[in-house]
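> Please find one structure pasted underneath; my questions will follow.
The values are calculated or read from the model by the stated rules, or taken from the named source; none is laboratory data. Being a predicted model, the structure only gives us computed values, none of them experimental. Don't worry about glycine lacking a Cβ; one is built from the backbone with ideal geometry, like all the others, and counts go over all protein chains shown. Please note that ligands, DNA and RNA were not included when accessible areas were found on the heavy atoms of the full protein model with its side chains. Shrake-Rupley method; radii C 1.70, N 1.55, O 1.52, S 1.80 Å.
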Amino acid sequence: MKPVLAIYPGSFDPLTNGHLDLIERGSKIFDQLIVAILRHPEKAPLFTLDERREMLESMTGRFKNVSVETFDGLLVAYARSKGAGAVLRGIRAISDYEYELQMALMNRKLDRRLETVFMMPAEKYSYLSSRLVKEIFRHGGSVRGLVPKKVEERLHSKVGRAYRAKPAKATAKRGKRNQ
Ligand code: ADP
């Protein structure tokens, strides 16, 4: 059997322990795994592409068959350019299923040689998403154990600044209402 290269595409804004769990599982079943960060023109990400890549690279360095890249455009075109045979995606709950099924079937229609492989993270990460991490952090909650330490530090330096800027506005509003 020829070696299988798989692509794990996503926004990774930011990388969570759920993503890392999946990367570790993927690295065990595929010969090579490329974590591919999608540049999403419609989304305003919290972290720049370079920041996301840097966090991913430093956290996946221990997996010798894992590399990190960025891409835009059609996933199937990118996968073809890499000679990939599979796409890795994560399924957390039933709510992921509908969207993921639609994407997988559309990608199969565009390129029937490309297989999508779904993996489930450890249960403790099954309710974890980058969006929730950002929300929790913005509101001053703890994300310990949900993201790598390095990501937590980055969140502090990025969101910490934005978060500190907010109370000033809130105080001004409250001040007006109280007048
Ligand atoms: P996207 O914008 O493509 O959904 P994400 O970075 O949010 O990008 O997710 C990339 C992939 O990782 C998706 O397949 C998603 O289902 C999966 N994923 C995200 N969080 C987790 C998690 N906690 N456990 C398992 N898979 C996850």
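> Using the Cα centre of the chain as the reference point, and only Cβ charges (+1 on K/R, -1 on D/E), how large is the resulting charge dipole? Debye, rounded to the nearest 20.
880
> Taking DSSP loops as anything outside H, G, I, E and B, show the longest stretch in the chain free of trypsin sites (Lys or Arg not before Pro) there with at most 10 other beta carbons within 10 Å.
Of all site-free stretches, the longest is 113-179.
> Another one. Give the shape of the range 1-138 as rounded, prolate or oblate, defined through the alpha-carbon gyration tensor: a ≥ b ≥ c are the square roots of its eigenvalues, a/c under 1.5 means rounded, and otherwise the shape is prolate if a/b is larger than b/c and oblate if not.
rounded
> Leaving out ligands and nucleic acids, note down the accessible area per residue over the chain with a 1.4 angstrom probe, in whole Å².
Solvent-accessible surface per residue comes out at 62 Å².
> Given H placed 1.01 Å from N in the peptide plane, which residues other than close sequence neighbours of Glu115 have an amide H under 5 Å from its amide H?
Those qualifying (amide H under 5 Å, at least 5 residues apart or on another chain) are Ala86, Val87.
> State, as an integer percentage, the relative contact order of the chain based on alpha-carbon contacts under 8 Å between residues 6 or more apart.
Rounded, it is 26 percent for the chain.
> Between Ala122 and Arg39, what FRET efficiency follows from the Cβ-Cβ distance if R0 is 22 Å, with the result rounded to 0.05?
Given R0 = 22 Å and the Cβ-Cβ separation, E is 0.15.
> Given a cut-off of 28 Å, name the pairs among Lys64/Lys150; Lys124/Lys149; Lys43/Lys82; Lys124/Lys150; Lys109/Lys150 whose C-alpha atoms lie farther apart than that in the structure shown.
Going by Cα-Cα distance, Lys109/Lys150 fall outside the 28 Å limit.
> Under 5 Å between amide hydrogens, which residues at least 5 positions from Tyr8 or on another chain qualify, with H placed 1.01 Å from N in the peptide plane?
For Tyr8, the qualifying residues are Ile34, Val35, Ala36, Leu88.
> Another question, then. How much of the accessible area of the range 24-75, probe 1.4 Å, is carbon plus sulfur, in whole percent?
Accessible surface attributable to carbon and sulfur in the range 24-75 totals 50 percent.
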